[in-house]
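Colleague: Before I ask anything, here is the structure I am working with.
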Amino acid sequence: QVQLVESGGGLVQAGGSLRLTCAASGRTFSSSALAWFRQNPGKEREFVAAVSWRGSSTRYADSVRGRFTISRDNAKNAVYLQMNSLKPEDTAVYYCAAKLLAVPLTTGDVEYWGQGTQVTVSS
């Protein structure tokens, strides 16, 4: 079992930065790959970024590559999403996600979800 709680969302102007944090608990956290997904009303939840359970491998959606950075700190049971050069189209609810061992790249891969945190980017 892994429990996930996101924080760090808010309102920011285009071009600005935000750092999302996902605090995790549970016995299998250190063996779980972690990811961020996002969703807007009426749209499907989409993959944003993921990091392997060892932290040695990362994956990004094309829309955020070069602007967002995912990282994890197993000592603190946390995963982060640093978001730079934010655009209005980045506005969404951002969800933390976990899967034992394998990197979750689709919503169907995810075993555990957080409750989400709202990110709003104004133009």
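The values are calculated or read from the model by the stated rules, or taken from the named source; none is laboratory data. As the structure is a prediction and not an experimental result, all values here were calculated from the model. Virtual Cβ from ideal backbone geometry, glycine too; neighbours counted across all protein chains shown. Just so you know, the surface numbers come from the protein's heavy atoms only, side chains and all, with ligands and any DNA or RNA stripped out. Shrake-Rupley method; radii C 1.70, N 1.55, O 1.52, S 1.80 Å.
Colleague: In region 85-105, what residues are open to solvent by 60 Å² or more (accessible area, probe 1.4 Å) and either more than 16 Å from residue 58 (Cα to Cα) or at pLDDT 95 or above (or both)?
Modeller: Once the filter is applied, which keeps residues that are open to solvent by 60 Å² or more (accessible area, probe 1.4 Å) and either more than 16 Å from residue 58 (Cα to Cα) or at pLDDT 95 or above (or both), region 85-105 yields 85, 87, 89.
Colleague: Could you list, ordered by first residue, the pairs with Cβ atoms under 7 Å in which the first is in region 1-23 and closer than 16 Å to residue 113 by Cα and among the acidic types (Asp, Glu) and the second is open to solvent by 40 Å² or more (accessible area, probe 1.4 Å) and outside any strand (DSSP E or B), at least 6 apart or interchain?
Modeller: 6/115
Colleague: Which numbered condition trips up residue 22, out of (1) at pLDDT below 95; (2) touching a Cys at 6+ places or on another chain (Cβ under 6 Å); (3) of a type in the set (A, V, I, L, M, F, W, C)?
Modeller: Checking residue 22 against (1) at pLDDT below 95; (2) touching a Cys at 6+ places or on another chain (Cβ under 6 Å); (3) of a type in the set (A, V, I, L, M, F, W, C), the one that fails is (1).
Colleague: So residue 31 fits all but one of (1) over 15 Å from the mean Cα position of the chain (by Cα); (2) at pLDDT 95 or above; what number is the exception?
Modeller: Condition (2) is where residue 31 drops out.
Colleague: Could you tell me whether residue 60 is over 22 Å from residue 26 (Cβ atoms), surrounded by 15 or more Cβ atoms within 10 Å (Cβ to Cβ) and touching a strand residue (DSSP E or B) at 6+ places or on another chain (Cβ under 8 Å)? Outline the logic, then answer.
Modeller: Working: over 22 Å from residue 26 (Cβ atoms): yes; surrounded by 15 or more Cβ atoms within 10 Å (Cβ to Cβ): yes; touching a strand residue (DSSP E or B) at 6+ places or on another chain (Cβ under 8 Å): yes.
Criteria met by residue 60.
Colleague: Can you pull out every residue in region 34-48 that is within 15 Å of the chain's Cα centre (by Cα) and either over 11 Å from residue 93 (Cα atoms) or open to solvent by 60 Å² or more (accessible area, probe 1.4 Å) (or both)?
Modeller: Result: 34, 35, 45, 46, 47, 48.
Colleague: Counting residues that are closer than 21 Å to residue 109 by Cβ and not acidic (Asp, Glu), which strands (runs of 3 or more DSSP E) fully inside region 6-68 reach at least 2?
Modeller: In region 6-68, the matching strands (runs of 3 or more DSSP E) lie at 18-25, 32-39, 46-51, 58-60.
Colleague: Let me ask you something else. When you scan region 95-111, do you find a residue that is touching a strand residue (DSSP E or B) at 6+ places or on another chain (Cβ under 8 Å), farther than 19 Å from residue 18 by Cα, of a type in the set (Gly, Ala, Ser) and part of a loop (DSSP other than H, G, I, E, B), even just one?
Modeller: yes
Colleague: Let me ask something additional. Please verify whether residue 72 is within 11 Å of the chain's Cα centre (by Cα), touching a residue at least 12 places away in the same chain (Cβ under 8 Å) and open to solvent by less than 50 Å² (accessible area, probe 1.4 Å), treating the condition exactly as stated.
Modeller: Yes.
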